[in-house]
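*Asks:* Below is the structure I would like to discuss, written out as structure tokens.
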Amino acid sequence: MIHRKPNLRYTGPEMISIIIINYNSKELLEPCIQRILQQTYMDREIIFIDNDSKDGSCPLVKEKFPNITAVCNTENSGYGGAADQGIKLAKGEYIMIMNPDVRLTPDYIEKCIARLEEDQKIAAITGKIYKYDFEKDEPTNQIDTVGLFCFRNRRIIDDGQGLEDNGQFGQEKEVFGVSGACPIYRKESLEDIKVMDEYLDQNFFMYKEDVDLSWRLLLAGWKCLYYPLAVAYHGRGTGVLKRFTNIEVYKNRSQLSKFQKYYSYKNQRLMQLKNETWGTYLADFFPILGKEILVFGYMLLREPSIFKAWFEMVKQIPSTLKKRRIIQKNRKVSSKEMRKWLSGKQSQYLQHEKNPNT
């Protein structure tokens, strides 16, 4: 059921639609929304999408914030389903999708949109996102994400995650993609890469949608940008995990739920099947194969339950191949150009941690 109040704001080309996706996060909602209302950027609408929460989230939002649009789903459509609901309702030229565990600084949106206005080819932007410590209810100096980074074997991480900010994150730069914590997208770019009436892939349900979206934007010739002058904080449910090396991935894997492991494994393979070009795949064949062998062996010995993901993945291959044909037909960049984003060997921030003087 949609609870919509009349929107009397200016709905011109610079309006931003802020979509909050919620599932049983009632205790986080009020401070999250208050931070949005305190933003210096005023041309906005707020759309709240609830995925059938059982904790009273929807009644709280309707009572405390009657002037925002509230969608109270009677079933859980996943992150991707909720995001697509919000985008289709949105009136703004810019779209911000955020989780309730994000805390924005007052000028976050204003700074991001000012930068987007300077370059019409920027499709997605993220600021410098720090970890928020909800136990102590205070921000930290530890990085949550400064954009996405892709290794040659197609392992993709939130770059900088788990590192202390000692000044090494101060430079703006184009990145492989932006994390799903609080990205801002240009609506035009989302329309450009929409496939089969889907903005986010509805096969995914949860996890990797932000990575897939970023990959498709790059294939279509758009830019993704890390912009350090805009700052926000994220209380990531899994915690801030260092994932630069295979050893760090192994050590931190126990903090992930079976649910996360299942969907992350399935969606990663579907994403590669859909977006990989033959040129980039052949160029990085051995790193990709090596990773798959390593993952297969690990699952066989330590996590055989994840093999259940194969059943759903196989069922989704036909629709994924159909999407692949559309994506590759509309691709605007060459495999050689894509290698810039897909063939990373080591994050510059890890290098800085090893040698702060570089």
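*Asks:* If you scan region 277-300, which residues turn out to be under 15 Å from Q328 (Cβ atoms) and in contact (Cβ under 8 Å) with a residue 40 or more places away in the chain?
*Replies:* T277, W278, G279, T280
*Asks:* Please verify whether region 343-353 includes one or more residues that are in a helix (DSSP H, G or I), in contact with a helix residue (DSSP H, G or I) (Cβ under 7 Å, 6 or more places away or on another chain), open to solvent by less than 70 Å² (accessible area, probe 1.4 Å) and among the hydrophobic types (A, V, I, L, M, F, W, C).
*Replies:* There is no residue in region 343-353 that is in a helix (DSSP H, G or I), in contact with a helix residue (DSSP H, G or I) (Cβ under 7 Å, 6 or more places away or on another chain), open to solvent by less than 70 Å² (accessible area, probe 1.4 Å) and among the hydrophobic types (A, V, I, L, M, F, W, C).
*Asks:* Among all residue pairs at least 6 apart or on different chains, which show Cβ distances below 8 Å where the first residue, located in region 341-353, is of a type in the set (F, W, Y) and the second is part of a loop (DSSP other than H, G, I, E, B) and at pLDDT 70 or above?
*Replies:* Matching pairs, first to second residue: W341/F176; Y349/V146; Y349/D159; Y349/G160; Y349/L163; Y349/Q168; Y349/F169.
*Asks:* Spot the failing condition for Q171; the list is (1) in a loop (DSSP other than H, G, I, E, B); (2) within 26 Å of L321 (Cα to Cα), and only one is missed.
*Replies:* (2)
*Asks:* Could you check region 181-208 and list, in sequence order, the residues that are at pLDDT below 95, open to solvent by less than 10 Å² (accessible area, probe 1.4 Å) and in contact with a Phe, Trp or Tyr (Cβ under 9 Å, 6 or more places away or on another chain)?
*Replies:* Scanning region 181-208 gives C182, F204.
*Asks:* A follow-up question, please. Between T145, T105, which is under 25 Å from Q38 (Cα atoms), in contact (Cβ under 8 Å) with a residue 12 or more places away in the chain and open to solvent by less than 10 Å² (accessible area, probe 1.4 Å)?
*Replies:* Answer to the selection: T145.
*Asks:* Next question, about the same structure. In region 254-277, what residues are modelled with pLDDT under 70 and touching a helix residue (DSSP H, G or I) at 6+ places or on another chain (Cβ under 8 Å)?
*Replies:* L256, the sole residue that qualifies.
*Asks:* Is it true that some residue in region 143-152 is closer than 17 Å to D101 by Cα and more than 15 Å from the chain's Cα centre (by Cα)?
*Replies:* Yes - at least one qualifying residue is present in region 143-152.
*Asks:* Against the condition more than 30 Å from D284 (Cα to Cα), in a helix (DSSP H, G or I) and either touching a helix residue (DSSP H, G or I) at 6+ places or on another chain (Cβ under 7 Å) or open to solvent by 10 Å² or more (accessible area, probe 1.4 Å) (or both), how does E135 come out, does it pass?
*Replies:* Answer is no for this residue.
*Asks:* To continue, here is another question. Taking the residues in region 46-92 that are among the hydrophobic types (A, V, I, L, M, F, W, C) and in a strand (DSSP E or B) as candidates, determine which candidate is farthest from I16 (Cα to Cα).
*Replies:* So the residue we want is C72.
*Asks:* Among residues belonging to region 157-173 that are under 13 Å from Q348 (Cβ atoms) and out of contact with any Phe, Trp or Tyr (no Cβ under 8 Å at 6 or more places or on another chain), point out the one that is least open to solvent (accessible area, probe 1.4 Å).
*Replies:* G170
*Asks:* Here's another thing I want to ask about it. Can you give me the number of residues within region 307-334 that are over 23 Å from the mean Cα position of the chain (by Cα) and either surrounded by 14 or more Cβ atoms within 10 Å (Cβ to Cβ) or not in a helix (DSSP H, G or I) (or both)?
*Replies:* The total comes to 1.
The values are calculated or read from the model by the stated rules, or taken from the named source; none is laboratory data. Bear in mind that the values here come from a model prediction, so they are computed numbers and not experimental data. Positions of Cβ are backbone-derived with ideal geometry, glycine not excepted, and every protein chain shown enters the neighbour counts. Remember, those area values only see protein heavy atoms, side chains included, never the ligands or the DNA or RNA. Shrake-Rupley method; radii C 1.70, N 1.55, O 1.52, S 1.80 Å.
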